[in-house]
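Encoded as C-alpha cells, the structure appears first; notes follow it.
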Amino acid sequence: MHSTSKLLFQNLGHPKQAMIDGEVWPPVFLPENVRSAKKMVPLGTDVFVCTYPKCGTTWIQHICSQLLYNNEYGPGQGKELCFTSPMIERLGAAFCDSLKYPRLLKTHFSWANLPKRHLQQSATTTNGTAQPKYIFAVRNPKDCCVSYFHHNCNFKIYEWAHGQFDDFFELFIDGRLMAFGDYFEHLLSWLPHLSDANVLFLKSVFEDMLNDLERSVRKIGHFLGGNAEKLVNNQQTLSRIVAESRLEAMQRDQQRWFPGTALNGESFVRKGTSRDWKNYMSKAQSDRMDRAFRQKLAGTVAENWWRTEMRWNETEEEEEEKKEEMRREEEKENEQEQRETKKEEEEKKEEKREEKEKEQEQRETKKEEEEEEKKEEMRREEEKENEQEQRETKKEEEEKKEEMRKEEKENEQEQRETKKEEEEEEKKEEMRREEEKENEQEQRETKKEEEEKKEEKREEEEKEQEQRETKKEEEEEEKKEEMRKEEKENEQEQRETKKEEEEEEKKEEMRREEEKENEQEQRETKKEEEEKKKEKREEEEKEQEQRETKKEEEEEEKKEEKRREEEKEQEQRETKKEEEDDSGMESGDDLLERTGKVSDDSLRLNGSPAPQGPTTTTDSK
C-alpha cells in the first residue's frame with residue numbers, strides 16, 4: 001500500500017529532493033502523477049523521447065515537434081515545450097489525455113517504469129495494431145554529470161543556486177539519492193531493448209548531432225514515418241528544420257523550453273558540447289568515473305562506448321591516429337616489396353624458360369613478353385589509381401577535421417559575443433537604477449516644496465486669525481475678563497498646535513532618517529564607485545536639510561518677535577483705556593501701580609516674563 005504523501009529532504013551540500021514510494025524525484029513532483037504515469041496505457045500513435053536527464057532530451061523533442069507538427073510549431077510560437085511535449089511523470093496521465101495527436105511525450109523512466117503495450121518483435125502487434133515508438137538517447141556519463149550539475153543549480157525548485165560540483169559529483173556517482181535514479185542502472189535497463197523494432201537508439205547524441213545534424217534529423221524522420229518521412233525527403237524542408245535545430249538557433253529561443261520564472265537566470269540551453277567535463281572534473285574524479293563505468297558495464301554491449309570522449313588526455317587520440325597511419329604506410333611498403341620480389345622471381349623463371357625453349361618458342365616467348373608487359377603496365381596503373389584514391393581519402397579526412405576546427409572557433413566567437421551582450425545589458429540595467437534614484441530624489445524634493453507651501457499657507461491663516469481676534473478685542477474692551485480667557489484658550493491651542501507641528505516634524509525627520517538608513521544599507525551592497533556618488537548625494541541632502549532647518553529657525557524667530565510687538569501694542573491700548581476709565585477716581589500713584597500690575601498679568605498670560613519696573617513706567621507714560 002503506497003503512502004499518499006511524499007517526503008521532502010535536502011541533505012547538507014545537496015539539492016532539494018523528494019522521496020515517493022521509495023524512489024527519489026525532484027521536489028515538485030506529485031505522488032499521484034508519478035503513479036498514473038507508470039500505469040498509463042500508451043496509444044499506437046504515441047512517440048516517447050526516453051533519456052536519462054541531460055542526454056539531449058530537449059534537442060530531440062525540438063526536432064520531433066517540427067517533424068510531427070510542421071508549421072504549427074515554429075520559433076517563438078505557442079506554449080513552452082514542457083507543456084506541448086510534457087514529461088509524463090511530472091504532469092501525469094490525465095494531462096497527457098488533453099494533448100493533440102500524435103502525442104509527443106517525454107520521460108526519464110527506466111525501462112521497468114516505462115508505459116508500454118505488450119511489445120512484439122515487429123513494429124505492429126499480430127493483429128496489425130500499431131505500437132508506440134520510443135526514441136532512446138544516451139550520453140557519456142562525464143558530460144551528463146556536468147550538465148546535470150548546471151541543471152540543478154539553474155532550476156529554483158532545487159534551492160541549490162550556489163551548489164558545488166564536488167558535492168554533486170559524489171551524489172551522481174553514488175546514485176542512490178539522485179533524482180530519477182542511478183545513471184548506470186538506467187542505462188543497463190535499456191540495453192536489452194536497443195534492437196527492438198519500435199525503438200530508435202541514438203548513441204553519442206551530442207557528438208553525432210554536432211558532426212552531422214542533417215543525417216541525425218533524417219534518421220529520426222525515417223523512424224517516425226508518415227508525414228515526418230516526407231518532410232526529411234524534401235531537401236528544402238529538411239534544411240529549414242536543420243537550421244532551426246542548431247544550438248545557436250535554440251539558444252536564441254530560450255523562452256520556448258521552460259517558463260523564465262522557473263530558472264535562476266542561466267539559459268536552459270547552455271553549451272551542448274562534448275568533453276566539457278574536462279573543465280570541472282579533477283583527474284581523480286575522472287579516474288573514479290572510468291572505474292565505475294568499467295565495473296557496471298563490463299560484459300555488456302556498452303563496455304567500449306565513448307572511449308575517445310571519456311579519455312583524460314586528448315593527445316592520446318592523435319597519437320593513436322598517427323600510429324594507425326604509420327601502420328598503413330608500413331603495410332603499403334611491405335606490399336610493394338613483395339610485389340617487387342615476386343616480379344624478380346618471375347623474371348628469373350622467365351629467363352630460364354627462355355634459355356631452354358629459346359629456339360622452339362621464340363615467337364611464343366615474344367608474344368608472352370608483350371602480354372606480360374601489358375599486364376605489368378595495367379598493374380602499375382591500378383597501383384597508381386589505388387595510391388591516388390588513398391591520397392584523396394586522406395585529404396578529405398583532413399578537410400573534415402579542418403571544418404570541425406573552424407566550427408569550434410565560430411562557436412567560441414559566438415560565446416564571446418553573447419557574453420559581451422550580457423555585459424552591455426548589465427550596464428543598461430545599472431543606468432536604469434541610477435535614473436530611478438534620481439527620480440526618487442526629485443520626488444522627495446517636490447514633496448518637501450509642497451510641505452513648505454502648506455506651512456506658509458497655514459502661517460497666513462494664523463496671521464489672519466490673529467488680526468480678526470485683535471479687531472474683536474478692540475471692539476469689546478468692556479469684556480476684558482472673557483477676552484483674557486479666550487486668549488488663554490487660544491494660547492493653549494497655539495501651544496498644542498505648535499507641539500503637534502513639532503511632533504510632525506520629528507516624525508518626518510525620523511522617517512527621513514529611516515529612509516536614509518535603508519538607502520545606506522542598499523548602497524553598502526554596491527560597488528565603491530556607487531558608494532562615493534551616494535555619499536556625495538547624502539552630503540548635499542544634509543546641507544539642504546541644514547539650510548531648511550536654519551530657514552525654519554529664522555522664521556520662528558521672526559514670528560516670536562512679531563508676537564512680542566503685538567503684545568506690547570495690546571498692553572499699551574489696554575493701559576490707555578484703563579487710564580481713561582479710572583480718571584478722577586484714583587490717584588496718579590494708584591493708577592501707575594494698577595497699570596503696572598495689569599501689564600504684568602497680561603504678559604504672564606501670554607507666556608512672557610514681566611518687564612522690569614523702569615520699562616513699565618516708560619510704557620505707562
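Computed from the coordinates by the stated procedures, all read-outs in this text should not be read as laboratory data. These figures come from a predicted structure and were not determined experimentally. Cβ: placed from backbone, ideal geometry, glycine included. Neighbour counts: every protein chain shown.
Within the set 16/106; 278/394; 420/542, which residue pairs have Cα atoms separated by over 32 Å? Beyond 32 Å between Cα atoms: 420/542.
For the range 55-63, putting each phi into the Karplus relation 6.51 cos²θ - 1.76 cosθ + 1.60 with θ = phi - 60° gives couplings of 10, x, 4, 4, 4, 5, 4, 4, 5 Hz, in residue order, rounded to whole numbers and with x for Gly and Pro.
Here's how it looks for residue 202: its modeled amide H is under 5 Å from those of 136, 137, 138, which are all 5 or more places away or on a different chain. Rounded, prolate or oblate: which fits the range 316-415, taking a ≥ b ≥ c as square roots of the Cα gyration tensor eigenvalues, rounded meaning a/c under 1.5, else prolate when a/b beats b/c? In terms of gyration-tensor shape, oblate.
This ranking places 9, 155, 136 by how few other beta-carbon atoms lie within 10 Å of each, fewest first, which gives 9, 155, 136. Think of the range 402-519 as having a plus end and a minus end, set by charges on the Cβ of Lys, Arg, Asp and Glu; of 431, 415, 510, 510 sits farthest toward the positive end of this dipole. With a simple spin-label model that places each label point 7 Å from the Cα along the Cα-to-Cβ direction, the separation between residue 243 and residue 545 comes to 6.3 nm. The modelled label-to-label distance between residue 379 and residue 19, using points 7 Å beyond Cα along the C-beta direction, is 7.8 nm. Partner lysines whose Cα lies under 23 Å from the Cα of residue 536, excluding those fewer than 8 positions away in the same chain, are identified as 427, 428, 437, 447, 448, 516, 526, 527, 550, 551.
In plain terms, the residue of 521, 548 with the fewest other Cβ atoms within 10 Å comes first and the most crowded comes last, giving 521, 548.
Among 160, 305, the order by Cβ neighbours within 10 angstrom, fewest to most, reads 305, 160. With a ≥ b ≥ c taken as the square roots of the eigenvalues of the C-alpha gyration tensor of the range 146-238, please select rounded if a/c is under 1.5 and otherwise prolate if a/b is larger than b/c or oblate if it is not? Note, shape of the range 146-238 comes out prolate.
Using R0 = 41 Å, the C-beta based FRET efficiency linking residue 372 and residue 392 works out to 0.85. Remark: for residue pairs 219/400; 358/384; 506/533, the C-alpha separation exceeds 32 Å in 358/384.
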